[in-house]
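Trainee: Sharing a structure below in structure tokens format, with a few things to ask.
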Amino acid sequence: MKIITGIEELRDHLRDQPRLAFVPTMGNLHQGHLSLIHQAKQRCDAVVVSIFVNRLQFLPHEDFDRYPRTLEEDCRLLSAANVKTVFAPNEKILFPTKQEFLLALPPVADILEGKFRPGFFRGVATIVLKLFNIIQPDLAVFGQKDYQQLHIVREMVNQLNIPIEIIAGKTVRAEDGLALSSRNRYLSATQRLEACQLYQSLLQIKQEVITGCKDFKALETSAINHLVQRGWKVDYISIHNRGSLMPAHEQDQDLVVLGAAWLDSTRLIDNLEI
Ligand code: PAF
């Protein structure tokens, strides 16, 4: 496996690859990432995995500094998964000068995650576009766990005519339903037991909608109250239209319920398509 840090070296290395798949990550890899890589490998012979903790998508008070950086262990996992190319640049390589060109995003970037983490999707879209330009893959895989991110990357690719196919990677869950995430590592043993309640609340909503409940507001409020009573701080639990990702109307058919909530200082997100 080749671990490449420089842009020119990467471009040289990737020249003449027939079909190339790309899996962007911030490292601290787990089964969720490995399942994205597996999907990429099913579609293309060559897979590039990037590992870069992107400062642009963190607010000043967020966990950029304490975000787990585990490059050695990540590379061990990637090598075992038979990945041949890892792109692991440092900040000087991706931001040799201050990144002043930033994408302006549509209103969908200001709801849900964007409301609680202003500027987050601008940072994500900007780094993803940079990585797309550097790697120029034929396809890229993004986890469905970050549902709004996947939606925004798809919109960006469509509206900017970027010739890259975007593939949605299924969320991998622990046995109790908790979606795998690098941030799960912040949870204490008791919090870890509690953490699946976010998924359980989304599941409850999904079941009620499937059995005909159309009062989305009531469902959201009841899930929020349930979590708050158990000690969570809830940013949102919200039912949306899958196509537009805007808040759902009664007559909408394809829905997704999304949630973000805090257990003490750890913020978890999850979603379920309905
Ligand atoms: O989903 C992530 O890990 C990040 O947002 C991404 C896509 C690697 C961009 O930094």
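Throughout, read-outs are computed from the coordinates displayed, never taken from laboratory work. None of these values were measured; they are calculated from a predicted model. Here the Cβ positions follow ideal geometry from the backbone for every residue, glycine too, while neighbour counts run over all protein chains shown.
Trainee: Neighbour counts of other C-beta atoms within 10 Å: give me Asp215, Asp146 arranged from fewest to most.
Mentor: Least to most surrounded, the residues fall as Asp215, Asp146.
Trainee: Take the chain, connect every pair of alpha-carbon atoms lying under 10 Å apart with a spring to form a Gaussian network, then pick out the residue of His240, His13, His61 with the largest mean-square fluctuation.
Mentor: Highest fluctuation of the listed residues: His61.
Trainee: Percent antiparallel among DSSP beta bridges with both residues in the chain, to the nearest 5?
Mentor: If we restrict to bridges inside the chain, about 50 percent are antiparallel.
Trainee: Using DSSP to define loop residues, name the trypsin sites (Lys or Arg not before Pro) in the stretch 1-39 whose beta-carbon has at most 15 other beta-carbon atoms within 10 Å.
Mentor: Numbers: sites: Lys2, Arg11, Arg15, Arg19; in loops: Arg15, Arg19.
The qualifying sites are Arg15, Arg19.
Trainee: Can you tell me the dipole magnitude for the chain around its Cα centre, using point charges on the Cβ only (Lys, Arg +1; Asp, Glu -1), in Debye to the nearest 20?
Mentor: 360 debye
Trainee: How much FRET efficiency would the formula 1/(1 + (r/R0)^6) give for Gln159 and Glu100, where r is the Cβ-Cβ distance and R0 is 22 Å, rounded to 0.05?
Mentor: 0.55
Trainee: Report the charge-dipole magnitude of the stretch 134-181 in Debye, nearest 20, computed about the Cα centre from +1 at each Lys and Arg Cβ and -1 at each Asp and Glu Cβ. Please report the intermediate quantities before stating the final value.
Mentor: Numbers: 4 positive and 6 negative charges, 9 e Å.
For the stretch 134-181, the charge dipole is close to 40 debye.
Trainee: When only C-alpha pairs under 8 Å and at least 6 residues apart count, what is the relative contact order of the chain, in percent?
Mentor: About 17 percent, as a whole number.
Trainee: Restricting to lysine pairs 8 or more places apart or on different chains, what number in the stretch 1-117 have Cα atoms under 22 Å apart? Intermediate values should be presented prior to the final figure.
Mentor: On the way: Lys2/Lys41; Lys2/Lys84; Lys2/Lys92; Lys41/Lys84.
So the count works out to 4.
Trainee: Identify the trypsin sites (Lys or Arg not before Pro) of the stretch 43-98 meeting these criteria: DSSP loop state and at most 15 other C-beta atoms within 10 Å of the C-beta.
Mentor: Loop-located and lightly packed - Arg66, Arg69, Lys84, Lys98.
Trainee: Choose one of Ile224, His38, Gly119: the residue whose Cα lies farthest towards the positive end of the charge dipole of the chain (beta-carbon charges +1 Lys, Arg; -1 Asp, Glu; about the Cα centre).
Mentor: His38
Trainee: Can you count the Lys pairs in the stretch 154-274 whose Cα atoms are under 25 Å apart, with each pair 8 or more apart or on different chains?
Mentor: Taking the Cα cut-off of 25 Å, the pair count is 5.
Trainee: Subtract the Cα-Cα distance of Glu62 and Gln136 from 0.36 nm times their separation in residues, and report this length gain in nm to one decimal.
Mentor: 23.6 nm
Trainee: If you don't mind, there's one more thing I want to ask. Can you give the FRET efficiency to the nearest 0.05 for Cys213 and Ser244, using r as the Cβ-Cβ distance and R₀ = 25 Å? List each step's numbers first, then the result.
Mentor: Values: r = 21 Å, r/R0 = 0.85.
Plugging the Cβ-Cβ distance into 1/(1 + (r/R0)^6) gives 0.70.
Trainee: While we're looking at this one, here's another question. Quote the charge dipole size of the stretch 30-142 about the Cα centre in Debye, to the nearest 20; the model charges only the Cβ of Lys and Arg (+1) and of Asp and Glu (-1).
Mentor: Numbers: 13 positive and 12 negative charges, 23 e Å.
That gives the stretch 30-142 a dipole magnitude of about 120 debye.
Trainee: How far is helix 71-80 tilted, in degrees, relative to the longest principal axis of the Cα atoms in the chain, given as a value from 0 to 90 rounded to the nearest 10?
Mentor: Approximately 80 degrees, to the nearest ten.
Trainee: Which shape class, rounded, prolate or oblate, goes with the stretch 144-205 when its Cα gyration tensor gives a ≥ b ≥ c as root eigenvalues, a/c under 1.5 marks rounded, and past that a/b bigger than b/c marks prolate?
Mentor: prolate
Trainee: Return the tail of the calculated pair distribution for the stretch 48-176, meaning the percent of Cα-Cα pairs more than 25 Å apart.
Mentor: 28 percent
Trainee: Does the chain come out rounded, prolate or oblate by the C-alpha gyration tensor, with a ≥ b ≥ c the root eigenvalues, rounded set by a/c under 1.5 and, if not, prolate when a/b is larger than b/c and oblate if not? Present the calculation step by step, with values, prior to reporting the outcome.
Mentor: Values: a/c = 1.77, a/b = 1.58, b/c = 1.12.
Prolate, since a/c reaches 1.5 and a/b exceeds b/c.
Trainee: Could you let me know the centre-to-centre spacing of the stretch 211-274 and the stretch 109-187, using Cα atoms, in angstrom?
Mentor: If we compute the Cα centre of each part, the gap is 19 Å.
Trainee: Against the longest alpha carbon principal axis of the chain, how many degrees, from 0 to 90 and to the nearest 10, is the axis of helix 31-43 turned?
Mentor: The two axes meet at around 60 degrees.
Trainee: Let me ask another. Which loop-located chymotrypsin sites (Phe, Trp or Tyr not before Pro) does the stretch 58-114 contain, where loop means any DSSP state but H, G, I, E or B and the Cβ has at most 11 other Cβ atoms within 10 Å?
Mentor: Phe101
Trainee: Continuing with this model, one more query. Could you tell me which of rounded, prolate or oblate describes the stretch 82-149, using a ≥ b ≥ c as the square roots of the eigenvalues of the alpha-carbon gyration tensor, with rounded for a/c under 1.5 and, failing that, prolate when a/b is larger than b/c and oblate otherwise?
Mentor: oblate
Trainee: To the nearest 10 degrees, how steep is helix 189-210 against the longest Cα principal axis of the chain, on a 0 to 90 scale?
Mentor: 70 degrees
Trainee: Find the relative contact order for the stretch 104-173 and round it to a whole percent, using C-alpha pairs within less than 8 Å whose residues are 6+ positions apart.
Mentor: 32 percent
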